[in-house]
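The values are calculated or read from the model by the stated rules, or taken from the named source; none is laboratory data. As the structure is a computational prediction, the values presented were derived from the model and not from experiment. Here the Cβ positions follow ideal geometry from the backbone for every residue, glycine too, while neighbour counts run over all protein chains shown.
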Amino acid sequence: MHGLFSVVRIGDPAMHINNARRIIEFQQAESSKGQRVLLSGSAAVQIVTGKRFEEFDLDFYASRASAPGFRKLMREFGYCCESVYPHYDHTSPHYGDFDQTYIFHVETYIPCKSTETVAISTLTSSYYRAWNAHLAAQESDDEVPDELIDMSFLSYRNACLHRIQRDCWHRFPRDYPVALRPMNSSTGQDKTTARNKCKSGSIQLVVCRACPTRVIDMFDMDICKSRFDGKLFQIVSMADTFNFRTKGDDRMKFMNEYFPHFFQGDIGSSFNYSPLKSFSSNNVLGPVTLNHISDTEVSDEMLMHIIASVVKTAKRVDPRTQLTVLGTDNFRLLYSGSNVDYTPRYFAHLHNKQVTLLQRALKYMRRGIDVLPLSHIVSKLFGVDESCLSSSSDEEDDSLIESYMSESIFQTNPNPKETQDIFM
């Protein structure tokens with residue numbers, strides 16, 4: 001409990017130790033009902049290893065049945081709901097089918113202090129009126145003065161809150177406090193650094209369609225699968241975790257090949273980078289930045305460049321890969337013996353998946369976690385060098401592992417593929 005309390009206090013110095021105790025008691029009470037509420041992600045890594053990160057949030061994974069009790073707990077802690085998004089990362093909605101298959105939505109909570117709040121019924125009513133006024137203005141033949149339409153309520157965040165309140169299975173109590181304005185805008189350019197700072201210190205509840213354990217087992221890095229259920233910590237690899245390293249899945253191998261291809265050619269030159277110069281002693285180029293793209297606003301040149309980069313990457317895996325153009329809006333990619341038709345939107349989504357995976361891997365590398373098998377060329381391209389990683393000796397690592405192996409609160413599984421069967 002003290003480990004949880006020390007981590008929580010980093011995000012919210014006003015958090016009392018009794019609140020940390022109540023979180024654990026809530027987890028244990030839900031577990032007795034057969035409903036698991038799991039703390040996972042970077043907070044769980046810090047509690048397990050003793051390593052501390054500067055910016056992070058607390059991620060809890062639970063079923064729909066546990067959501068009302070968790071909301072009540074947050075309200076008693078003096079927190080309000082900041083947002084409810086139907087996907088895990090609100091900067092890239094609808095990229096891929098993971099969110100729609102495994103989670104209902106993600107609720108974010110922040111302290112009410114220094115935050116202007118209103119009842120959720122008041123906010124959603126204001127959004128609904130503004131939306132109707134906006135539609136009426138569009139359909140009207142006469143020009144409607146701007147001052148008659150309160151555009152401040154017309155945002156994606158408010159649309160999601162309005163949608164959740166229409167769902168009888170997921171709605172909040174009408175008087176539940178919500179932030180009048182989100183911490184950062186969910187439209188416009190993707191500002192990853194600003195978004196992480198806004199999220200730091202918040203508490204997120206990921207409401208799962210499937211078992212929370214199974215959802216966590218779908219993570220792309222083993223260290224992120226560390227979880228705490230109120231009684232036990234569960235770790236995929238004790239050796240990797242306490243050596244501050246983690247293994248990624250096969251998607252990271254694809255990413256290692258994809259980004260060097262992406263930064264070649266005319267599009268790559270706009271980033272002032274060439275993979276061929278990355279190991280040159282004369283290469284003094286600064287690290288590049290990479291954001292998500294909009295599948296509705298991406299240029300034809302960028303889209304064709306992404307498709308070419310995907311095909312080149314696939315050919316590195318299977319030389320049989322071919323690309324056939326079917327008309328102007330569909331493609332057939334022959335990859336690893338498969339024959340599937342793809343729309344241009346698929347390639348934009350695939351690119352954004354790689355960006356999300358890369359951002360997460362680089363975030364952990366800057367925290368001192370060695371991410372394998374992230375290639376040196378990719379990490380150097382985005383400004384992460386070996387000085388960020390842990391420099392502890394093997395002897396120190398082995399002694400640290402042995403000391404934790406004697407603790408009965410930890411469970412480990414030597415075969416990561418069987419994690420969900422063991423911990424279900």
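Scanning region 172-184 for residues that are basic (Lys, Arg) and over 23 Å from the mean Cα position of the chain (by Cα) yields a total of 1.
Number of residues in region 57-75 that are touching a Leu at 6+ places or on another chain (Cβ under 9 Å) and either over 11 Å from Glu30 (Cα atoms) or among the hydroxyl-bearing types (Ser, Thr, Tyr) (or both): the value is 7.
When Asp142, Asp97 are checked against the criterion of being of a type in the set (D, E, K, R), farther than 30 Å from Leu290 by Cβ, at pLDDT below 95 and surrounded by fewer than 20 Cβ atoms within 10 Å (Cβ to Cβ), a single residue qualifies: Asp142.
Residues of region 118-139 that are within 15 Å of Cys81 (Cα to Cα) and either of a type in the set (Ser, Thr, Tyr) or at pLDDT below 85 (or both): Ser121, Thr122, Thr124. In region 210-239, of all residues being part of a loop (DSSP other than H, G, I, E, B) and within 17 Å of the chain's Cα centre (by Cα), the one that is surrounded by the fewest Cβ atoms within 10 Å (Cβ to Cβ) corresponds to Met218.
Count of region 14-46 residues, restricted to those that are surrounded by 14 or more Cβ atoms within 10 Å (Cβ to Cβ), out of contact with any Phe, Trp or Tyr (no Cβ under 9 Å at 6 or more places or on another chain) and hydrophobic (A, V, I, L, M, F, W, C), is 1. Residues in region 74-84 that are over 19 Å from Ile164 (Cβ atoms) and either assigned to a helix (DSSP H, G or I) or free of Cβ contacts under 8 Å to residues at least 12 places away in the same chain (or both): Glu76 only.
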